[in-house]
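Notes for the one structure printed next.
The values are calculated or read from the model by the stated rules, or taken from the named source; none is laboratory data. Because the structure is a prediction, the values reported are computed rather than measured. Virtual Cβ from ideal backbone geometry, glycine too; neighbours counted across all protein chains shown. What goes into the accessible areas is simple: the full protein's heavy atoms, side chains included, and nothing from ligands, DNA or RNA. Shrake-Rupley method; radii C 1.70, N 1.55, O 1.52, S 1.80 Å.
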Amino acid sequence: MRVLCTCLLVVLGAVTSATPAQTPRGGRPNIIYIMTDDHAAHAISAYGSKVNTTPHLDRLAREGALLTSVFATNSICTPSRAAILTGQYAHINGVTMFNRFDSSRMTVARLLQQSGYYTGMIGKWHLGSDPVGFDRWEILPGQGAYRDPLFYTATDEKVYTGEYATDVITDRALDFLQNRARDKPFFLMMHHKAPHRPWQPNDEHGAHFASQRIPEPVTLWDSYATRTDALYENQQRIAADLTNRDLKLTPPASLMGPELSRWLGTKPELVTLVRDGKDVTLTGEELTRWKYQRYMQDYLATVQSVDDSVGRVLAYLDKAGLARNTMVVYTSDQGFFLGDHGMFDKRFMYEESIRMPFLVRWPAGIKPGTRSDALGLNVDFAPTFLEVAGLPASAEMQGRSLAPVLRGRTPADWRSSMYYRYYHDPGDHNTRAHYGVRTRTHKLITFWKKDQWELFDLVNDPYELHNLYGQPGQEALTATLKAELVRLKRELRDDDQLADVQLPSGVDGAVARLRGK
Ligand code: CA
């Protein structure tokens, strides 16, 4: 106990008054980790959203820290969840795609539970195996349903007839807080299904957004000129890949069973609407614009319910007197394309897809209005929670605690580049496997199966429209980034694709060393 207390005093510095030496356990902060599914940072007004307003999320940002440069290491649901729990990259934790998570693995939840935290998991789990390391869990099976959601517990199941998933998850999370073990700090993972496809809003927000006209992103009509085949081949395009189900079109009354399912999954090339009493058929650009509106109206309406949920959690903490020493984290398992590059999903290593919102309020430990552009990763979350709980870092974890960043004191040796890798190919949306490196100023991506590359200058081309790879004058930069990519692969022990990394002369030595030659 004394060791723990000493650790806390060192780690938390300015907040030692909240962690009196005689009651170290009582001084450990509570942690509420709120994670949504596919909520892009650019749909949060604190992040400069042009498409919506999120007052409760903005409150978190105002009263705590907002990190602008936190990224998923593999921008897809299940792998990001595994990376968050284990603090490990996909090639180490074994969840590269939609693999079943090996629940015997070490996780941050297990470590916190073992150290005396009362732990809970409420909402979308999506890891294929039952949660472990939680005193209480209530999860949606698989993707779960927005309406009339079914929940599983360790011993039971229940359908919440007539209810909306975001509200049920909030209700169950508040129930966890109210009925928690009072003699322990708590760690609650509260995972929303929203705003994941098929973007089904509740009635109130759905009706509100249905009358809104959402501004189009500047890259909605991205022509993909200069880019690799992967962009031309992707099947997550607003223009071509939204289905009748996504667009909430009304099926013909005669369709039933498999025929109805087939119709709902069809991607319409024309849509006939009734306007001013007349049938109007939309095609081409006009149809794409209409599809974008339908998609975004529903997406943003589901986000608004999430914002309401955050408001309820914060109100509870205020009322219960828990606000000061409870760390509230808000993030998403990855970002999302909101029509950016003409797309609606994620997976690609482009900014809108990999950037995760990361808001953290903890009055006892973080100054209001803290801002940082330090490069953070989803594998950093677990080490962060361990540190604020006064626990030693786990040698198995590959991430690094963000606690000093949140305190406004980013270490001088903080990372200046990150490694990314996407595996699901062939997979949904026909997105090609790729990996790459992002620095604070540039990004290099290789679609290794085709030996095709993309190089972007993030400072002068923040929307990543101009692929510089192979252009005259880029040789030195390209060589530097390839060397950094190899260095990161070596450091992170991801070495199975090295033979496919074609390096210019001068850096082959790094590959040879990496291959152990
Ligand atoms: Ca997701």
remark   = Residue count, the stretch 347-377, condition among the hydrophobic types (A, V, I, L, M, F, W, C) and within 14 Å of the ligand (Cβ to nearest atom), comes to 3
query = Looking at Thr266, is it touching an Asp or Glu at 6+ places or on another chain (Cβ under 7 Å) and at pLDDT 95 or above?
reply = no
task = Kindly indicate whether any position in the stretch 230-246 is under 19 Å from Thr53 (Cα atoms) and in contact (Cβ under 8 Å) with a residue 12 or more places away in the chain.
result = no
task = Working carefully through the options Arg400, Arg407, Arg421, find the one that is within 18 Å of the chain's Cα centre (by Cα), farther than 16 Å from Asn93 by Cβ and among the basic types (Lys, Arg).
result = Arg400
task = Give the residues of the stretch 111-132 that are in a loop (DSSP other than H, G, I, E, B) and under 18 Å from Asp333 (Cβ atoms), sorted by residue number.
result = Trp125, His126, Leu127, Gly128, Ser129, Pro131
query = Looking at this structure, is Pro217 in contact (Cβ under 8 Å) with a residue 60 or more places away in the chain, within 16 Å of the ligand (Cβ to nearest atom) and open to solvent by less than 60 Å² (accessible area, probe 1.4 Å)?
reply = no
query = Is there a residue in the stretch 139-161 that is more than 16 Å from the ligand (Cβ to nearest atom), touching a helix residue (DSSP H, G or I) at 6+ places or on another chain (Cβ under 6 Å) and farther than 30 Å from Arg28 by Cα?
reply = yes
inquiry  = Can you say whether Asp457 is over 23 Å from the mean Cα position of the chain (by Cα), closer than 21 Å to Arg227 by Cα and at pLDDT below 90, as far as the supplied structure shows?
reply    = no
inquiry  = Could you check the stretch 85-100 and list, in sequence order, the residues that are within 16 Å of the ligand (Cβ to nearest atom), within 25 Å of Arg432 (Cβ to Cβ) and either open to solvent by 10 Å² or more (accessible area, probe 1.4 Å) or in a helix (DSSP H, G or I) (or both)?
reply    = Ala90, Thr96, Met97, Phe98, Asn99
key: Boolean, Asp380 is within 16 Å of the ligand (Cβ to nearest atom) and modelled with pLDDT of 95 or more   = no
request  = Give the residues of the stretch 37-72 that are open to solvent by 10 Å² or more (accessible area, probe 1.4 Å) and either within 12 Å of the ligand (Cβ to nearest atom) or under 15 Å from the mean Cα position of the chain (by Cα) (or both), sorted by residue number.
outcome  = His42, Tyr47, Thr68, Ser69
remark   = Looking across the stretch 130-169 at residues that are more than 20 Å from the chain's Cα centre (by Cα) and small (Gly, Ala, Ser), the single one that is least open to solvent (accessible area, probe 1.4 Å) is Gly133
remark   = Those residues of the stretch 280-317 which are of a type in the set (A, V, I, L, M, F, W, C), open to solvent by 10 Å² or more (accessible area, probe 1.4 Å) and assigned to a helix (DSSP H, G or I) amount to Trp290, Ala315
request  = Assess whether Phe344 counts as being over 30 Å from Glu63 (Cα atoms), open to solvent by less than 10 Å² (accessible area, probe 1.4 Å), touching a residue at least 24 places away in the same chain (Cβ under 8 Å) and within 16 Å of the ligand (Cβ to nearest atom).
outcome  = yes
request  = Please go through the stretch 439-464 and pick out each residue that is open to solvent by 20 Å² or more (accessible area, probe 1.4 Å) and of a type in the set (Phe, Trp, Tyr).
outcome  = Trp448, Tyr463
